[in-house]
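A short worksheet on the structure shown next.
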Amino acid sequence: MSPAGLFIITRPLNAGTAGFAAVVAYLIATGTVIPGVLWLFVVVLLITAGGNVINDYFDVEIDRVNRPDRPIPSGQVTLPAARVYAGTLFLAGILVSFLTNELCTTIAVFNSILLVGYAARLKRTPLIGNITVSYLAASMFLFGGALGGLSGFFHVMPFAVMTFFAMLSRELVKDAEDVEGDKASGAVTIPIRYGIPVTMVLALICALLGVLASLVPYQWWGFWYIYGIIPVDGIILFAGIKAVRCTTPAGVKASGASTLMKAGMFASLVVFTVSALFL
């Protein structure tokens, strides 16, 4: 077992970005940052890392086809070690959440259970799995806002909605890319059941809904925010339009739509951060 494998399997950039999103959400909700946001970051980092590990644990057969370089199929991390590691990360995240408030702890416990359920079963349920992972991404904003109480929780809702639909769009695109591996493992996804063209149209609709939700903060941040978010929305919509022209898994992958959507979501986080700080 490799220490590097244990690090890589957590997808540290992904987990760290999720933690940062929770901090940004608190800043958006309250207009300030307090020392307690460190606990937000740590909780999200640990639970997201645990979710990434348990996902790879249950996806080992799919990854042998789609991503043989990942830590488990490549032999860097054993299956028993991955199981224990994931449990430790989840437990640590929940324990640290006790340093926040009851609403945050409730979300932390719920998300931990949902991450395990997603990896074990829901991921292989058409659309329900996609909706689950999209909620989990959006919940980073809800979790950060929750540290500011119910008012903070509801204040960040537009950002959660935007993230939900943008992530749902990307999840559908990724499913289209992974059709061969999913078929080999017996999974039934939306593109397997209904075809890639239908799935890509649905992905484009979700991208458009995410873009519409991103315009809501104009009401308190004004035109400067719009100037920042429009290029980001353009990236996400461009990715959706590129994907909708594809009819094969290879074509979807070659379009780079998934990468573009990921870039757009990172860019949106930058725009939210700058807007919360200066507008």
Value at 222 nm in deg cm²/dmol, rounded to 500, when DSSP H runs of n ≥ 4 in the chain each add -39,500 (n - 2.57): -26500 deg cm²/dmol
Cα→Cβ-extended label distance, 7 Å offset, between residue 13 and residue 274, nm: 2.1
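Got a sec? How would 9, 192 order by Cβ neighbour count within 10 Å, fewest to most?
Working: 9 24, 192 18.
Least to most surrounded, the residues fall as 192, 9.
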Distribution of pairwise C-alpha distances over the chain, 5 Å bins, in %: 1, 6, 13, 16, 17, 17, 14, 10, 5, 1, 0
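Looking at segment 1-148 from every direction and averaging, what is the projected area of its Cα convex hull in nm²?
Details: hull surface 33.5 nm².
About 8.4 nm², averaged over all directions.
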Segment 194-230: chymotrypsin sites (Phe, Trp or Tyr not before Pro) in DSSP loop, at most 11 other beta carbons within 10 Å: none
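Loop only per DSSP, at most 16 neighbouring Cβ atoms within 10 Å: give me the trypsin sites (Lys or Arg not before Pro) in segment 171-279, ordered by residue number.
Numbers: sites: 174, 183, 193, 242, 245, 253, 262; in loops: 245.
Filter output for segment 171-279: 245.
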Simple spin-label estimate for residue 128 and residue 247 in nanometres, 7 Å along Cα-Cβ: 3.3
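Beyond 12 Å, how much of the Cα-Cα pair distribution for segment 5-58 remains, as a whole percent? Before the final figure, lay out the partial values.
On the way: 899 of 1431 pairs.
It works out to 63 percent of all Cα pairs.
For segment 69-122, which chymotrypsin sites (Phe, Trp or Tyr not before Pro) are both in a DSSP coil and crowded by at most 13 other Cβ atoms within 10 Å?
Details: sites: 85, 90, 98, 110, 118; in loops: 98.
Of the chymotrypsin sites (Phe, Trp or Tyr not before Pro), the ones in loops of segment 69-122 whose Cβ has at most 13 other Cβ atoms within 10 Å are 98.
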For the chain: lysine pairs under 16 Å (alpha-carbon distance), excluding those fewer than 8 apart on one chain: 9
GNM result for the chain, Cα springs below 10 Å: residue of 41, 266, 159 fluctuating most strongly: 266
Range of Cα positions in segment 225-279 per principal axis (Å), largest first: 44, 15, 8
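Throughout, read-outs are computed from the coordinates displayed, never taken from laboratory work. It should be emphasised that the depicted structure is a prediction, and the values quoted were computed from it without experimental measurement. Neighbour counts run over all protein chains shown; Cβ positions are idealised from the backbone, glycine included.
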